[in-house]
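Read through the structure below, which is laid out as structure tokens, and then see the notes.
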Amino acid sequence: MRRLALLALAGAFALSPMTASAEEKTLTVGVSDALSGGGAVYGMPQKRAIDLAIEQINAGGGIKVGDDTYKLATIEYDDKADPTEATNVARKLIDRDGVKYLMGYCCSASTGAVASIIGREDAIMLVGTAGARAITAAGHKNVFRTRPPGDYTGAAAGRFIASQGVKKLGIISARDVALFTQYRDALIEAFEAEGGEIVAVETFGGQDRDMTAQLTKVRGLEPDAYFISGYVEQVAFAHRQAHELGIAAPRYGFSGGSPEQFLRVASSEAMEGVWDLLAIEFNADALGETAKAYAEAYQAKWNEYPTPNSAFAYDQVYVLKAALEAAGTVDDLDAVKEALRNIEVPEGVVLNYLPVDGKMFDPKGQAYISNGAFQFRDDKWAFVEELPSDAAAYSAYFQTVRD
Amino acid sequence: MLVDLIQQLFNGLVIGSIYTLVALGLTIIFGILGIAHFAHGSVAMFGGYITYFFIASLGFGLFPSMAAAMAVGALLGVGLERIAYYPVRNAPPINAFIIALGLTLIIEKSNLILFGVDQIIIPTGFTRVFNVGGVTLPELRVYILAIAAVLVIGLTILIQRTWMGMAVRAVAQNRPAAVLMGINVNAVSMFVFALSSALGVAAGVLVGALFAIAPGVSGGLVVKGFAVLILGGLGSIPGAIVGGLVLGVSETFASAFISSAYKDVIAFLLMIGVLLVKPEGLMRRSAAR
């Protein structure tokens, strides 16, 4: 009996080097995203974009790491954009599935929860659409994010509004969502630095859909223009009510909703001419050929047009590929982190990243993309021009904040 | 400045009229049965969803859909009373309280399962905007004020002028005496729930037409409804009317003259103030009990 066991053990040892020296290996990455519930409008497209990128990379021969070639595979879980759920998913992926690379992450609350514990874990986290500044500002060495924080765009937006000849600006924005308040504060600072005057800062809460009181008040102060920001479900009401109140001054904003989402609430006349000032997420008009190819491939695979945020997740996969190839290892996470920190903007990514010191990620693992001004014309968001963005200056400031 | 003041008054009255409709439903149930019916907001949202379903899927007009939804709401109200509250009518009040909380969850989640998470806006086609001396009056908001006024007047006539209304008032004033006079208290409670739920549905439809029906909206509506109840006096119908309008206007004026950041705070400060100075509520005589 004992001899039999020894024999089996010897057999196992004899077998294992054979599998390890096989030409082709599989690297399994974990995907945590909102696949159901309210966040699914961001999470599902991210998951699909990741699947698409992996399919393309595998079809193109996989990832060459040292002498080995790796094909990618995923384990995907639904975190429902919920902090508790997302933390459980991260635990499951790291402890049970033994995954070392986590990606996806569409939503700020769930991602923030995972980011707050990931610093102590032996894993690398690639964040997509989640916009809260603290996710990377906290400075964990193993967190990297493709989407810039909200206030980075806010500063560019403030300079842009001033450049449009606006001297007095009235602001109405979401009261208690960090993404919007940070953007707004950065906008105010940049706008005032350009010599502009803020006549009022009014706010609305999470379920408010009646902004007539705020709009009437700001209207009485006679600003040259309005700035309205928050989630599209609420901001659309503000535009409808502004139109009803006969407000003719230009309305700038930040919310990133699709034309359909706005038009469900506000009429075409109410929306015509409204500006949305945001980071240029995926947009085939504003970006180049890679973006068009991405849109075609996505549509072919999933039979729908990619959402603007999906490219943040698509690019995660190509970033990981480049970093693994540069590091020459998949197991030495410190080497991979070092490689991520030093890579240039890799080939294959869709978005227009603005490198800081020639590198894709700044010292806190944050990437920056260009910002753009979009205007609502004939029931569509038309790309008008790039905003004056300064990634290096923002990054220098970003290194000094922690939340 | 005067134009803005009138504009804000109008804005506040429209919101206040919706608060009034919500509070009326809550107040008649509280006045007669002593139940804090937290599920009222979810019933209102359910009514909004049903109305949208009638319009979008069955092609009914707005007003027939609203009437049909109010009828469905009335039936739902009777069902709630029979199934949930009737069995605990003689139990300690805490039982009805727990049941009210349970019902809120059940109806809220049923709405979620049946109608999804996206916000729904009831299409009305009322998009014109009237302009009277610089004050803008969107057509839809004017109609909402009018519909609320018609419903309030209708309710007042029903309570003051009909036999059933008299029975309702009798039970509210003195339940044992009403029973001794031969009033069927069971029928009265069913009637009250039907009436209250129909009013709630009407409020839900107005919210859905002017703003949107979505998960999470009902909670805010009920909180405001109870604030109005305390402001106006628990169980008082005139109190609900005046309280709703006062709350709506004071919220709007708070936004206009102080800051929108403190809108909800000011509404509740007002409520605490009333409780301190006139604890029985604005419209209730202190000798009423």
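The values are calculated or read from the model by the stated rules, or taken from the named source; none is laboratory data. Quick caveat, the model's predicted, so the values are computed rather than measured. Because the Cβ atoms are built from the backbone with ideal geometry, glycine has one as well, and the counts that use them run over all protein chains shown. When the accessible area is computed, the model is the full protein with side chains, heavy atoms only, and any ligands, DNA or RNA have been set aside. Shrake-Rupley method; radii C 1.70, N 1.55, O 1.52, S 1.80 Å.
Miscellaneous remarks
Matching residues to (1) among the polar types (S, T, N, Q); (2) open to solvent by 10 Å² or more (accessible area, probe 1.4 Å); (3) touching a residue at least 24 places away in the same chain (Cβ under 8 Å); (4) over 30 Å from residue B:123 (Cβ atoms):
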position: A:274; (1), (2), (3), (4): no, no, yes, no
position: A:294; (1), (2), (3), (4): no, no, yes, yes
position: A:301; (1), (2), (3), (4): no, yes, yes, yes
position: A:312; (1), (2), (3), (4): no, no, yes, yes
position: A:316; (1), (2), (3), (4): yes, no, yes, yes
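- Candidates in the range A:257-304 are the residues that are assigned to a loop (DSSP other than H, G, I, E, B) and of a type in the set (Asp, Glu); of these, the one that is nearest to the other protein chains (Cβ to nearest Cβ) is A:272.
- Those residues of the range B:262-284 which are open to solvent by less than 40 Å² (accessible area, probe 1.4 Å) and within 14 Å of another protein chain (Cβ to nearest Cβ), in sequence order: B:263, B:266, B:267
- Residue match in the range B:82-94 (condition: of a type in the set (Val, Ile, Thr) and open to solvent by 40 Å² or more (accessible area, probe 1.4 Å)): yes
- Leading residue by the ranking (most open to solvent (accessible area, probe 1.4 Å)) among those in the range A:321-350 that are among the β-branched types (Val, Ile, Thr) and under 20 Å from the mean Cα position of the chain (by Cα): A:345
- Restricting A:159, A:240 to residues that are within 14 Å of another protein chain (Cβ to nearest Cβ), open to solvent by 30 Å² or more (accessible area, probe 1.4 Å) and of a type outside the set (Phe, Trp, Tyr) narrows the list to A:240.
- Figure legend. Inter-residue proximity from the range A:31-60: first residues more than 14 Å from chain B (Cβ to nearest Cβ) and in contact (Cβ under 8 Å) with a residue 12 or more places away in the chain, second residues open to solvent by 40 Å² or more (accessible area, probe 1.4 Å) and aliphatic (A, V, I, L, M), beta-carbon distance below 9 Å, spacing 6+ or different chains. Indicated pairs: A:31/A:75; A:33/A:44; A:47/A:35.
- Residues of the range B:77-105 satisfying the condition of being in contact (Cβ under 8 Å) with a residue 24 or more places away in the chain and of a type in the set (A, V, I, L, M): B:78, B:80, B:96, B:100, B:101, B:103
- Whichever residue in the range B:205-235 is crowded, with 24+ Cβ neighbours inside 10 Å and away from chain A (no Cβ under 14 Å) and, among such residues, is nearest to residue B:123 (Cα to Cα): B:205
- As a summary of the residue check, residue A:187 satisfies the conditions (1) within 12 Å of chain B (Cβ to nearest Cβ); (2) assigned to a helix (DSSP H, G or I); (3) under 28 Å from the mean Cα position of the chain (by Cα); (4) buried (at least 24 other Cβ atoms within 10 Å of the Cβ) except for the one numbered (1).
Per-residue answers, yes or no, for (1) under 19 Å from residue A:312 (Cα atoms); (2) touching a residue at least 60 places away in the same chain (Cβ under 8 Å); (3) among the charged types (D, E, K, R):
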{"site": "A:123", "(1), (2), (3)": "no, yes, no"}
{"site": "A:133", "(1), (2), (3)": "yes, yes, yes"}
{"site": "A:155", "(1), (2), (3)": "no, yes, no"}
{"site": "A:188", "(1), (2), (3)": "no, no, no"}
{"site": "A:193", "(1), (2), (3)": "no, no, no"}
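- Restricted to the range A:224-237, and to residues there that are assigned to a loop (DSSP other than H, G, I, E, B) and within 14 Å of another protein chain (Cβ to nearest Cβ), the residue that is surrounded by the fewest Cβ atoms within 10 Å (Cβ to Cβ) is A:231.
- Filtered residues of the range A:209-223 (kept if more than 8 Å from chain B (Cβ to nearest Cβ) and in contact with a helix residue (DSSP H, G or I) (Cβ under 8 Å, 6 or more places away or on another chain)): A:211, A:215
- Of all the numbered requirements in (1) within 30 Å of residue A:233 (Cβ to Cβ); (2) among the aliphatic types (A, V, I, L, M); (3) at pLDDT 95 or above, residue B:194 misses one, and that requirement is (1).
- If you go through the range B:1-19 and keep only what is over 18 Å from residue A:247 (Cα atoms) and either polar (S, T, N, Q) or within 7 Å of another protein chain (Cβ to nearest Cβ) (or both), you end up with B:15, B:17.
- Residue check, residue B:117 out of contact with any strand residue (DSSP E or B) (no Cβ under 6 Å at 6 or more places or on another chain), open to solvent by 20 Å² or more (accessible area, probe 1.4 Å) and in a loop (DSSP other than H, G, I, E, B): yes
Residue-wise test of (1) hydroxyl-bearing (Ser, Thr, Tyr); (2) closer than 21 Å to residue A:118 by Cα.
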| position | (1), (2) |
| --- | --- |
| A:317 | no, yes |
| A:344 | no, no |
| A:354 | no, no |
| A:358 | no, no |
| A:368 | yes, no |
| A:376 | no, no |
| A:383 | no, no |
| A:396 | no, no |
| A:402 | no, yes |
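- Pairs meeting the criteria (first residue in the range B:239-261 and at the interface with chain A (Cβ under 8 Å from one of its Cβ atoms) and more than 14 Å from residue B:9 (Cβ to Cβ), second residue open to solvent by less than 10 Å² (accessible area, probe 1.4 Å) and not in a helix (DSSP H, G or I), beta carbons under 6 Å, at least 6 apart or on different chains) are B:260/A:202.
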